[in-house]
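The next block holds one structure in the form of structure tokens; read it before the comments.
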Amino acid sequence: MLQVKKFVFNPFMENTYVLFDETNACVIIDPGCVEKDEENELTEFIQSNNLIVKQLINTHCHIDHVLGNAFVKRKFNVPLIIHPIEEAMLRAVKSYASNYGFSHYQDSTPDSFLNEGDQVVFGNQKLEVLFVPGHSPGHIAFYDAATKILIGGDVLFENSIGRTDLPGGDYDTLINSIHQKFFTLPDDVTVYCGHGSETSIGFEKRTNPFCAIAQ
Ligand SMILES: [Zn+2]
Ligand SMILES: [Zn+2]
């Protein structure tokens, strides 16, 4: 069964996720680790649970979600996988990283790509890839129907939504993504967000001030 381990890394308080199952295979999603102690925390979890890292995946390539990409690629010798539209966002990070105080940011390049309808396959898992642009133009999310787990990135938060004022962001596109891709999932799906605590599809449908469905 799919299990989720969450870490909160870097000054943006970004949620880094390790997904794993009974085979000990795992994938790392959005590694935001930037300090040595954050890198150690991630490594220690992987090693103490005897996990084998199969892939490194970004939901999208804003700086807070990719700060640890180079470290994870090097440390675990795994491919970086993103949506093709997001490659330009990833390439842009090095041009603005120092503005946020990350003068030692190390660039990373994707090794392969995921599109809507593809699957993230590792261990006994097959996660569905959802294309959910709006916060970022090539944003993807990962859904496991068996456990009703959604790794949603910066699309939907507890009573909030992702910002749309960054390059490539678009408010109407984001609201459409939420309604068409997230709110069509069962109400009891748990959403693991890119920041803050978990929420559920049903809770956000009822209470989210940006996109609640009137009942
Ligand atoms: Zn973001
Ligand atoms: Zn973020």
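The table below gives the values:
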| read-out | value |
| --- | --- |
| Condition check for Asp144: modelled with pLDDT of 95 or more, under 18 Å from His83 (Cα atoms) and of a type in the set (Asp, Glu) | no |
| Residue within the stretch 150-162 that is within 13 Å of ligand 2 (Cβ to nearest atom) and surrounded by fewer than 19 Cβ atoms within 10 Å (Cβ to Cβ) present | yes |
| Hey, Val78 under 12 Å from Pro31 (Cβ atoms), under 17 Å from the mean Cα position of the chain (by Cα) and at pLDDT 95 or above or not | yes |
| Members of the stretch 63-79 that are more than 14 Å from ligand 2 (Cβ to nearest atom), in contact (Cβ under 8 Å) with a residue 40 or more places away in the chain and of a type outside the set (Val, Ile, Thr) | Phe71, Phe76 |
| Count of residues meeting criterion [within 15 Å of ligand 2 (Cβ to nearest atom) and either on the phi > 0 side of the Ramachandran plot or buried (at least 20 other Cβ atoms within 10 Å of the Cβ) (or both)] in the stretch 174-199 | 6 |
| Conditions (1) touching a residue at least 12 places away in the same chain (Cβ under 8 Å); (2) hydrophobic (A, V, I, L, M, F, W, C); (3) closer than 25 Å to Phe71 by Cβ; (4) out of contact with any Pro (no Cβ under 9 Å at 6 or more places or on another chain): number failed by Val121 | (1) |
| Some residue of the stretch 106-121 being within 16 Å of ligand 2 (Cβ to nearest atom) and either touching a helix residue (DSSP H, G or I) at 6+ places or on another chain (Cβ under 8 Å) or not hydrophobic (A, V, I, L, M, F, W, C) (or both) | no |
| Residues that are aliphatic (A, V, I, L, M) and surrounded by fewer than 24 Cβ atoms within 10 Å (Cβ to Cβ), drawn from the stretch 61-71 | Ile63, Ala70 |
| Residue within the stretch 41-56 that is touching a Ser or Thr at 6+ places or on another chain (Cβ under 8 Å), of a type outside the set (Phe, Trp, Tyr) and within 23 Å of Thr173 (Cβ to Cβ) present | no |
| Some residue of the stretch 104-112 being among the small types (Gly, Ala, Ser), at pLDDT 95 or above and within 16 Å of ligand 1 (Cβ to nearest atom) | no |
| Residue within the stretch 159-178 that is within 25 Å of Met1 (Cα to Cα), away from ligand 1 (no atom under 14 Å from the Cβ) and among the charged types (D, E, K, R) present | no |
| Residue within the stretch 201-214 that is modelled with pLDDT of 95 or more, surrounded by 13 or more Cβ atoms within 10 Å (Cβ to Cβ) and either closer than 25 Å to Ile28 by Cβ or aliphatic (A, V, I, L, M) (or both) present | yes |
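Here's the yes/no breakdown for (1) without any contact (Cβ under 8 Å) to a residue 24 or more places away in the chain; (2) out of contact with any Ser or Thr (no Cβ under 9 Å at 6 or more places or on another chain):
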site: Leu150; (1), (2): no, no
site: Ile161; (1), (2): no, yes
site: Asp165; (1), (2): yes, yes
site: Thr173; (1), (2): no, no
site: Leu185; (1), (2): no, yes
site: Asp188; (1), (2): no, no
site: Val191; (1), (2): no, no
site: Ser200; (1), (2): yes, no
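The values are calculated or read from the model by the stated rules, or taken from the named source; none is laboratory data. This is a predicted model, so every value here is computed, not measured. Here the Cβ is made from the backbone with ideal geometry for all residues, glycine too, and neighbour counts use every protein chain on show.
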